[in-house]
C-alpha cells in the first residue's frame, strides 16, 4: 500500500479535482459563491476536527500553525473564492478555465526563482505544449461565450480569476517551502480555518447568505466536502511533499481535459476535433514534464 499510493495518487488527484467543476456547476445556482464555500468549509471542519481528536493527531502550534492557515487562505479561500465569484458574475467558465490553466507556467517560473528548482529545456517545452493544449480544449467555448455573454468578460471578473490563479500558485509554493511537516489531518483542518478567514467575512458583507436546500445542492455540497475538500486536498498535500512543485504543477494541465470529458458524460457537452487534439497535447505535456517512472 505504501508503494502503491504514490503511483496512483497523481491520477486520483486529477480525476477528483476535475469533478469539483462539475459539482460546482450542479450546486452553484442554489447559493451565492462565498456563502456556498463558507458552508462547505464549516462542514469540512466539523468532520476533520473530531477525526483529528479521535486519533490524537498532533496539532501544529506557533509558526507551523500559521503557515497552514496561510496555505488554506490562498489555496482554498483565494483560489476557490476567485473562480466561484467570477463565474457567478458572468465570466464564462471556459475563460475562467483558461486563466487558471496558466498556473503551471507561473508556478514553474516562481519555483525556479523562490525554491531554486531547476527547470530544464524539456520541462519548458512541456509547459508550453500543455498551455497550448489547454487553450485548445477550452478555446471553442471561449469563442461561443464571447458571442453569447460578452458582458461577463470585464476587468472585475478577469481580476477575480487572476486572484484565484495567484492564490493557487503562491499557496502551492508556500506549502512546499514552509508547511510540509504538519500532520495531514490537523494541517488540513487549519487550512480550512484560513479559508474561512477569506470567505466568511465576504459572505457576511457582500451576500444575502440565502441558500436553496435542494437535492442537487445537497448532493453537490456532499461531494465537494468529502471528495474535494478532504480526499483530494490531502492527496495534493501528499504530492507536494513527494514531488518538485514545478513538476507537480503539470498535473493541473490535465484538469481542463478531464473536466471536458466529465461534462460530456454528465451534461452532454460535446468535444470537437480541435478539443480532442488539445487533450492529446496535454497528455504529451505531462509526459514531458514528469516522465513515467522518474522521481
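The values are calculated or read from the model by the stated rules, or taken from the named source; none is laboratory data. Source: prediction; values computed, not measured. As a convention, Cβ positions derive from the backbone with ideal geometry for all residues, glycine included, and neighbour counts pool all protein chains shown.
Could you say which residue among 53, 15, 42 is surrounded by fewer than 18 Cβ atoms within 10 Å (Cβ to Cβ), modelled with pLDDT of 95 or more and in a helix (DSSP H, G or I)?
It is 42.
What pairs come up if the first residue lies in region 155-171 and is without any contact (Cβ under 8 Å) to a residue 40 or more places away in the chain, the second is in a helix (DSSP H, G or I) and buried (at least 17 other Cβ atoms within 10 Å of the Cβ), and their beta carbons are under 9 Å apart, counting only those six or more places apart or on different chains?
Every condition considered, the pairs that remain are 159/82; 159/86.
For residue 199, are the conditions met, namely being closer than 24 Å to residue 238 by Cβ, in contact with a helix residue (DSSP H, G or I) (Cβ under 9 Å, 6 or more places away or on another chain) and in contact (Cβ under 8 Å) with a residue 24 or more places away in the chain?
The answer is no for residue 199.
Would you mind listing the helices (runs of 4 or more DSSP H) fully within region 62-176 where at least 2 residues are at pLDDT 80 or above?
62-72, 79-88, 121-148
Among the residues of region 85-94, is there at least one that is surrounded by 15 or more Cβ atoms within 10 Å (Cβ to Cβ) and farther than 27 Å from residue 261 by Cβ?
No, region 85-94 contains no residue that is surrounded by 15 or more Cβ atoms within 10 Å (Cβ to Cβ) and farther than 27 Å from residue 261 by Cβ.
Check whether at least one residue in region 206-214 is in a helix (DSSP H, G or I) and in contact with a helix residue (DSSP H, G or I) (Cβ under 9 Å, 6 or more places away or on another chain), and report yes or no.
yes
Results for (1) assigned to a helix (DSSP H, G or I); (2) at pLDDT 75 or above; (3) over 20 Å from residue 130 (Cα atoms), shown as yes or no for each residue.
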site: 233; (1), (2), (3): yes, yes, yes
site: 256; (1), (2), (3): yes, no, no
site: 265; (1), (2), (3): yes, yes, yes
site: 271; (1), (2), (3): no, no, no
site: 287; (1), (2), (3): yes, no, no
site: 291; (1), (2), (3): no, no, no
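Going by the conditions given, is residue 37 surrounded by 18 or more Cβ atoms within 10 Å (Cβ to Cβ) and modelled with pLDDT of 85 or more?
It is true that residue 37 is surrounded by 18 or more Cβ atoms within 10 Å (Cβ to Cβ) and modelled with pLDDT of 85 or more.
What are the residues in region 177-192 that are within 17 Å of residue 231 (Cα to Cα) and in a helix (DSSP H, G or I), if any?
If the condition is that a residue be within 17 Å of residue 231 (Cα to Cα) and in a helix (DSSP H, G or I), then 184, 185, 186, 187, 188, 189, 190, 191, 192 are the ones that fit.
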